[in-house]
Each structure stands twice: as C-alpha cells, then as structure tokens.
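Peer 1: Can you read through this structure? Questions will come right after.
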Amino acid sequence: MHVVFDMDGVLLDSQAELGWLDRALDETLRAFDIEPTPERRERLYPPNLRNFEQAANDLGVPPEELWPVRHRNYVREKERALKTGQIVPFPDIEQVRNLAQEYPVSIISNSPEPIVETFVAVADLDAVVTHWIGRGDDLETIERMKPDPAFYEDLVDRAGPDEYVYVGDTSSDALFAQRTGMDFVHLDRPGGTVSSLSGAIELIRAGN
C-alpha cells in the first residue's frame, strides 16, 4: 500500500493567515495597472484557477500575459510564508513520519511543485516522503490539476503500480480518488468525522 496526501488543508495550515496570498495577487493586479479589490483578487484565488482564462479576459489582460506574473508572485510569497513561519505544518505532522515506517508516503497537490518541495524541506519530511507532485509553471498545467487524473498518472510512472490511498480534504479530492481508483480518506479539519491525521491513519490501517 502507498499512502498519498494532499498538502494544503491536510498537512499544511495554509488558510490560517492569507496575507501572503493577498500580497501576491495585489502585486499581480498592479503589474497591469489594475486597482486591487477583494472581488478582483478573489477571481485569481487558487479554487478559481479553472476559470482563470475567463477571469483574465474580464480583467482586460491576455491570459498568457497574466498567468506568468501571477504564478511568479504566488510562488515567491508562499515560499516566503513557509520559510518565515507565516504558514506552518499542522501540529500532528509527526504522524506522517510514523506512518512512513510502515508504508511509502507521497504528496500530490495542486500547489506549484516548487512550493511542495519547499514544504517538504520546511516540515523536515525529506527522508520520509518518497515522491511529491505539484503543478507546473505554464498556463496549460491548470488542465492537469486535480481532479484530473494526470498527477496520479505521474506518480504511478515514478513509483510503480501499487494499492494507493489518497487523504484529502475537499470534494475535488474525493472525485480525484474516484477517477483514479484510489481509496479515499476524507480529512475534515476541524470537527469533522475524521479531523486529524491520527484519525485518518487509523482508518488506513484498519482498511489494510
């Protein structure tokens, strides 16, 4: 069995403080002489990336010009937030190290791959996470994001066939698991039926 984790909302508490994200998007808008507003900023938020081309057109900027600026600012500010402790791993991250003594552990995230790599280093998971996969830096990578199966296929190419289990926190993660044939554990922080890594890992062990 191979256990695969989502990053944001599962391993990384990236929603606790969103100043880094607002800075990145405000700078992106200003680069095109667009006054930042909450509504314009929200159009560029990560959950809305599949509508990025429409958002860019509504802002009056060609998508192929807006995307590299947004991507560059997003990566810079999120990496800085990780390295300075503005956003941090959840306190129960140690559970991943314990699990890695029993099963291979990987990460699949819709965040840019350099961010996932930085998270693995900051969380001191280099020795336990066998593979990490995130999105690329070009506009076309949006179409490969979860729930599209592409990132799963990338992982299987690297790690080989196995019985994979995905731990995620959104309906998109559940659909991703369904489309790829992975078992799914819904981690719902806080207060859900499974609200911690220890609870998720108990289910994984019980299922095996």
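Peer 1: Search segment 149-170 for residues being under 14 Å from the mean Cα position of the chain (by Cα) and not in a strand (DSSP E or B), and hand back the single one that is surrounded by the fewest Cβ atoms within 10 Å (Cβ to Cβ).
Peer 2: For segment 149-170, the residue satisfying everything is THR170.
Peer 1: Please tell me if ARG135 is free of Cβ contacts under 8 Å to residues at least 24 places away in the same chain and touching a strand residue (DSSP E or B) at 6+ places or on another chain (Cβ under 9 Å).
Peer 2: no
Peer 1: Considering only helices (runs of 4 or more DSSP H) fully contained in segment 46-107, which possess at least 1 residues that are crowded, with 19+ Cβ neighbours inside 10 Å, touching a helix residue (DSSP H, G or I) at 6+ places or on another chain (Cβ under 6 Å) and of a type in the set (Phe, Trp, Tyr)?
Peer 2: 63-84
Peer 1: Same structure, new question: Among (1) in contact (Cβ under 8 Å) with a residue 12 or more places away in the chain; (2) under 20 Å from THR141 (Cα atoms), where does VAL10 come up short?
Peer 2: So the condition that VAL10 fails would be (2).
Peer 1: I would also like to ask the following. Can you tell which of VAL120, VAL185 is assigned to a strand (DSSP E or B), modelled with pLDDT of 95 or more and surrounded by 18 or more Cβ atoms within 10 Å (Cβ to Cβ)?
Peer 2: Among VAL120, VAL185, only VAL185 is assigned to a strand (DSSP E or B), modelled with pLDDT of 95 or more and surrounded by 18 or more Cβ atoms within 10 Å (Cβ to Cβ).
Peer 1: Let me spell it out: the conditions are (1) under 22 Å from ASP148 (Cα atoms); (2) surrounded by fewer than 16 Cβ atoms within 10 Å (Cβ to Cβ); (3) of a type outside the set (S, T, N, Q), and MET7 meets all of them except one. Which number is the exception?
Peer 2: Here MET7 meets the rest and fails (2).
Peer 1: Next question, about the same structure. Take segment 14-45 and flag every residue that is under 20 Å from GLU79 (Cβ atoms), modelled with pLDDT of 95 or more and either assigned to a loop (DSSP other than H, G, I, E, B) or in contact with a strand residue (DSSP E or B) (Cβ under 6 Å, 6 or more places away or on another chain) (or both).
Peer 2: ALA31, LEU44, TYR45 - these are the residues of segment 14-45 that are under 20 Å from GLU79 (Cβ atoms), modelled with pLDDT of 95 or more and either assigned to a loop (DSSP other than H, G, I, E, B) or in contact with a strand residue (DSSP E or B) (Cβ under 6 Å, 6 or more places away or on another chain) (or both).
Peer 1: Exactly one of (1) of a type outside the set (D, E, K, R); (2) in contact with a Leu (Cβ under 9 Å, 6 or more places away or on another chain); (3) in the same structural domain as SER196 (by TED's automatic domain parsing) is unmet by GLN101. Its number?
Peer 2: Going through the list (1) of a type outside the set (D, E, K, R); (2) in contact with a Leu (Cβ under 9 Å, 6 or more places away or on another chain); (3) in the same structural domain as SER196 (by TED's automatic domain parsing), GLN101 breaks only (2).
The values are calculated or read from the model by the stated rules, or taken from the named source; none is laboratory data. A quick note: this is a predicted structure, and the numbers were derived from the prediction, not measured. Neighbour counts are summed over all protein chains in view; Cβ atoms, including those assigned to glycine, are modelled from backbone coordinates with ideal geometry.
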